[in-house]
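Read-outs: derived from the displayed coordinates by stated rules, not from any lab. Just so you know, these numbers come straight off a predicted model, no measurement behind them. Positions of Cβ are backbone-derived with ideal geometry, glycine not excepted, and every protein chain shown enters the neighbour counts.
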Amino acid sequence: MGTATEIAPSAAATYTGETIVNDLVIEVATSNGTGSQSANLVLMRSIFRMGVPVGAKNLFPSNIQGLPTWFTIRANGDGWIAKRVAPDVFIAMNEESVEDDLAKLRPGAVLLLRTALKGFLKRNDLIVYECPFDEMVKDVDVKLRKMVVNMAYVGVVGWLLNIEMEAIDAAIHKQFAAKAKAAEINVVCARKGWAWAAEHLRKKDPFLLRRLDKTKGKIIVEGNNATALGLTFGGCTFLAWYPITPSSTCAEALIDYLSEHRKDAATGKATFCAVQAEDELGAIGMVVGAGWVGARACTTTSGPGISLMSEIAGLSYFAEIPAVIVDVQRMGPSTGLPTRTCQGDMLKAYYLSHGDTKHILFIPKNPKEAFEMGSRLFDVAEHYQTLVFMMTDLDLGMNYWMSDRFEMPTHREDRGKVLTAADLDRLGQFARYKDVDGDGICYRTLPGTDHDLAAYFTRGTGHTERATYTEKPADWQRNMDRLARKFETVRRELPPPEEDLTGSPVGVIAYGTSDEAVAEARHLLRLEEGLETDYLRVLALPAHVRVKEFLSSHRVTYVVEQNRDAQMRAIFAAEFPESASRVRSVLHYSGDPIDARSVVEGIVKQEKR
Amino acid sequence: MATATPTSTPTPQAPAVNRLNRQLPDYKGLPSTLCAGCGHDVITGQIARAYWESGVEPWSLAKLSGIGCSSKTTAYFLSKSHGFNAVHGRMAAIAAGVTAANRRLALIGVSGDGDTASIGFSHFLHTVRRNVRMVYVIENNGVYGLTKGQFSATADRGSVRKGGVDVNESYPIDCCALAIEMGCSFVARSFSGDTKQLLQLLKAAIAHPGMAVLDVVSPCITFNNHEGSTKSYKFAKAQEDPLHEIGFVPHFEPMLVDVDPGKTKVIDLPDGGKITLTKLATDYDPANRAGALNLLAQDKIERRFHTGLIYHNPSPSLSFIEQMGMVDEPLATLPQSSTRPGREVLEQVMESLS
Ligand SMILES: Cc1ncc(C[n+]2csc(CCOP(=O)(O)OP(=O)(O)O)c2C)c(N)n1
Ligand code: SF4
Ligand SMILES: [Mg+2]
C-alpha cells in the first residue's frame, strides 16, 4: 500500500499571496448515506488534532439515503466556533443540490467542484478548483468507490489549506478504529487526493490552517452522548423511551453505556432496566410508575413526544412523583422539521399539563454541561419529588462539539425525603403530603416498605395531608399553596445564572445553545459598534432571583432565543412583570443553529431605533 | 378454624387469621363510595378475601388503577398496600415501570372496560405482550359508569343504552381473546354475581408467575342494568355458563380432597399451588389455545357467556422482569456504589472521545 510513500508538501510551502490563517468555514455538500459523514468527521478531527479550535454543524434531511446533506466546519484560532453563515470554502459533491449551493455562495468564496458537476457553474466571482475526485479513486474497488471518493476531497482540501497529513492519518485511524482495513483504504484515498492536488493545483486563495495548542485535553462529542453519559453517572436505573429524532441517539447511547458499565460485578446482571415503550404516553407512564416505587427513572423525547406526555407530566407534579424527561428540541409546530433545531418547547415544557402546573427545567449550553446537569437530574427529581426536564436541542444533541473533558461527579446522590420502616417505627405516624419541614417538600415512603404504616394512596385527584380524597376548597387550596411554596424552594436552590457584568446599561440574556453565538456577538458588538453589554445566561427554571435583579437593573435587556414567540421572555413577563417593558427580543427560528451575526444585527437594529 | 376449649367459662371465638396471623380486616380498605349494588363492590370484597386467603403481606403489594368507577375501587381494599389511582387508560404502562423498579412487589391492577379497551387499549395489549407479572382485573360493565353511561368498546352489538333509544352497532372488543392473542398465559372470565368462582380465579391469578387477565362482567346498576343490555345483572345471571367448577389450593395448604381424575383436572403451578378444574356439562381444556380462541369467537356469535379459566399456558414465557436480566435486588433501593460507574470508566470514555 502507498502509505509509506513520500508526501508532497502542502500548498503553504510555495504560496506567497495574502493569507487568512486559522479563521475559516468549510462547508461540504454531499448526499446522505455515501460515507460522507466519516470524511467530514475526519476533516474536523484533523483540524482538531492540529490544535485549532473547531466546531461542526451537520445539516441533514433525515436518515434516508440519497438526500442532500451539508456539513459545516468552523476553525477559529480565537475559539469562536459557533455557527457562521456564508462559508469560505465550499466543496460541491452533490448533484441534487449543486445548483442552489453555487448560487448561494458569497462572492470570492473558494469552490472545490467535482468535475462531473462543472456544467452547473454559472458564476465567475468565485475561486474555483475543479477536482476530478472520481478520477482520483478510479482504481479503488468499484464497490467502495462511492464511499471513499469523499476521502479524496479530504486530501485535496488538506493540501490546499495546509492540514497536516499526520493529523489526517490519525483522524482516519480514530474514525475507523474498529476497522483497520477500512482505515487503510481511506488513508490511501486521502493521499491520492493530496497527491493529485499537489500535482495539478496552484493555490489562489488566502485560507490556511496552522498548528496551534488550543485543543489539548479536549474531546469531540455529540450532546446526546454527553447527556447519556451524565444520566449513566447520575445513577439512572430506569429508561423508557419511544424513538424520535433528534432524541433517539441519546436513548441509544444511554442503553449502550448502561449495558456496558452497569452490570453487577458478581452476577453480571443489569442494575438498570431499559424499555422501548409503545408510545410516549406509555414511556412517561412507565417512568412515573418506576419513580413512584423509587427508581431513578427517565425518558428521552422531542416536541411531539412532549405533547403526548402532557397529562402524566401533571400527575408527576401533583402527586409528587420524581421523573426526568430529556427534551431534545426540534422544529415545531406539529411534526415540524425533525432534523432542524429550535428552542421551541420552553414554554410548553415549563407549564406542561393542565391546571396550575410548573416544572423544573435545566438548560445546558454544551456537552460538558449536558453531562454535569444530566448527572444531577435524578437528585433534583427525587429531592423535590417532581418532574424535571433537561432541555437540549438538535444542535447540541446531534452535532459534534469540541468540549472540555467531563469530570467525575463527586457529589453524593440525593434520594430525597424517604422514610424507611425504621423511621416509621420511630415516628409512629406518617402523612404523605404534610409539610413537616416548612419547605413544601413532604416525606414519602416507597411501595414495598415492610411496615403497616408505610402505605398511602397516590392520586391525581384532590388529596389531604394524609393522602385521602378530598373536595374541600380549603384542603385543595392549602395543597396548591404548598406546591407553590415548594416551587419557591426550588427557585432558591437551583443553580444561579452565569453572569458577565461590565457595568453597561444594555443587558443580554440567553440560554442553552445560543451561548456561543451570543458570546461572539458581544465581542463583535464591542469591536464593530463600540457597544458594551452585560450578559446573563439562564441555566435553569424557575428563574433565579438574579434574573429579576438583572432585568430591573438594565435600561434594556435583549433576550436571545431560538424560537418565534419569545418563549423565555413570556416566562419572565409572567414572573417579573415589573420589568416587562424593558425587555426586548432577538429571535432566530430558521431551523439552523443561531449565529453571532444574527444576534448582532438583531441588537443593533433595535438600539438604533 | 378456631375450636372451642373444654373450660367451664366459654371464651369468645378467636377471629380467623391467615398464615401471617392477619385477620381479614387487615385486607380491607376505605368504605366504598360507589352506587349501592354496583358489581364493582362485590369484586372488591373478593379481591380483599383472595389476598387474605393467599397470605400475601399487604405491604408487599401495590394496587394500581386508571380512572373510572372501577378504578376507584383500589381505595376500597387493602389499605395497608400502596395504591396508585393514576390517569385514565395508562395503568398498564405504569405497571411496567412499577415492576421494573421493585421486582419483589406483587401487583394488582384494576381497570374498567373503558379504561382498558378504549383509551388504554394499546398499553393493555403491550403490557400483555411484555408479560408483566400482575393480576389485571377488568371490571366490565359495557359502559363508562363514571361519565354516566356512554357505551364502551365491550358493549355487544345490538345492546341498548339506558333510555332505550341508542343501540350499539359497533363490533365489541373481547379483552380475553386479545389477551390470548398477545401471548397471555392466564386468561379468565367471570361474573361479579359468581363470587365463589371469582375468588378461586383471583387466588389462582395471584399465584400465576406472569400476567393474569381477568375480565369480570360487573353490572353497572345505575346505567346499564336495564332490559336490552347484555351486561345487566339479570342477563348475566341467566346466561352465565361456567366451563368448569374451579378450585384453588395454595402451595402452603395440603390438598384435602381426593380428586377423581376422570372428572377433575389438576394444574400444578410453579410455586406448588394447584388449580383444580372439575368438569361440568362438557369437557373443556384451557391449555388448548386454539380451542380457547374458538370458544370466544363462538361466544361472540351466539351471545353466550362462558366463565372460568378460559386459557392457561402451563409453560409460560419469561416474565418482563426475567426478560430484562436485572439484578435480584429492587432497582429502587440500589446504593450509589452499584449505580455510579467508577472514575476509570469515565476516563476511558473520555480517552475514546479525545
Ligand atoms: C384523559 C381523560 N379522558 C376522559 C376522562 C373521563 N373519564 C373518566 S372515567 C371514564 C370512563 C370510565 O369507564 P370505565 O373504564 O369502563 O369505568 P367504569 O366507570 O365503567 O367502571 C372517562 C371517559 C378522563 N378522566 N381522562
Ligand atoms: S355508575 Fe355504575 S359503575 Fe359507577 S358506581 Fe354506579 S353502578 Fe357502579
Ligand atoms: Mg365500564
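Just a few scattered comments:
- Modelled FRET efficiency - R0 41 Å, B:Thr33 with B:Asp285, Cβ distances, 0.05 increments: 0.45
- Charge tally around A:Gly512: other residues with Cβ under 10 Å, Lys/Arg +1 each, Asp/Glu -1 each, net -3.
- Neighbourhood charge, 13 Å Cβ-Cβ cut-off, centred on A:Lys138 and excluding it, Lys, Arg +1 and Asp, Glu -1: -1
- When both segment A:66-129 and segment A:258-291 are represented by their alpha-carbon centers, they are found 45 Å apart.
- Count Lys and Arg as plus one, Asp and Glu as minus one, and take only other residues whose Cβ is under 15 Å from that of B:His123; the net charge is then -3.
- Here segment B:279-318 and segment A:556-609 have alpha carbon centers that stand 66 Å from each other.
- Average projection, convex hull of the Cα set of segment A:425-548: 11.7 square nanometres.
- Label-point separation in nm, A:Gln276 to B:Gln239, each point 7 Å along Cα→Cβ: 4.1 nm
- Note on the protein assembly as shown: helix-only mean residue ellipticity at 222 nm, from DSSP H runs of 4+ residues weighted -39500 (n - 2.57) and normalised by residue number, equals -10500 deg cm²/dmol.
- Difference of contour (0.36 nm per residue) and Cα-Cα distance, A:Asp481 to A:Ala431: 16.3 nm
- Extension gain, A:Glu532 back to A:Arg546 (0.36 nm per residue minus Cα-Cα distance, nm): 3.0 nm
- A:Asp213 paired with A:Ala422, simple spin-label distance in nm, labels 7 Å along Cα-to-beta-carbon: 5.5 nm
- Relative contact order, whole percent, for chain A stands at 12, derived from Cα pairs under 8 Å and 6 or more residues apart.
- If the segment from B:Gln336 to B:Arg157 were pulled out straight at 0.36 nm per residue, it would be longer than the present Cα-Cα gap by 58.8 nm.
- Each Lys and Arg contributes +1 and each Asp and Glu -1, all at the Cβ; summed about the Cα centre of chain B, the dipole is approximately 640 debye.
- For peptides A:112-122, A:252-262, B:54-64, sequence by mean Cβ density within 10 Å, most packed first: B:54-64, A:252-262, A:112-122
- Gaussian network model of chain B, springs between alpha carbon atoms under 10 Å - residue of B:Glu181, B:Glu322, B:Glu302 with greatest fluctuation: B:Glu302
- What the Cβ-Cβ distance of A:Ile20 and A:Glu260 gives, at R0 = 30 Å and to the nearest 0.05, is a FRET efficiency of 0.10.
- Anisotropy class assigned to segment A:306-440 is oblate, per the alpha carbon gyration tensor with a/c at or over the 1.5 cut-off and a/b no larger than b/c.
- One Cα centroid belongs to segment B:87-112, the other to segment A:178-256; the line between them spans 41 Å.
- Placing +1 on each Lys and Arg Cβ and -1 on each Asp and Glu Cβ, with no other charges, gives segment B:108-240 a dipole about its Cα centre of roughly 280 debye.
- Rounded to the nearest 0.05, the FRET efficiency derived from the C-beta distance between B:Lys196 and A:Asp414 at R0 = 45 Å is 0.30.
- Three-way shape call for the protein assembly as shown based on the alpha-carbon gyration tensor, with the a/c threshold at 1.5: prolate
- Taking a ≥ b ≥ c as the square roots of the eigenvalues of the Cα gyration tensor, segment B:67-182 is oblate, since a/c reaches 1.5 or more and a/b is not larger than b/c.
- Cross-link check: pairs B:Lys28/B:Lys231; B:Lys203/B:Lys300; A:Lys365/A:Lys605; B:Lys72/B:Lys265; B:Lys196/B:Lys231; A:Lys83/A:Lys143 evaluated at a Cα-Cα cut-off of 30 Å; pairs beyond the cut-off: B:Lys72/B:Lys265; A:Lys83/A:Lys143.
- Between A:Tyr469 and A:Lys269, the modelled label-to-label distance comes to 3.9 nm, taking each label 7 Å out from Cα in the direction of the beta carbon.
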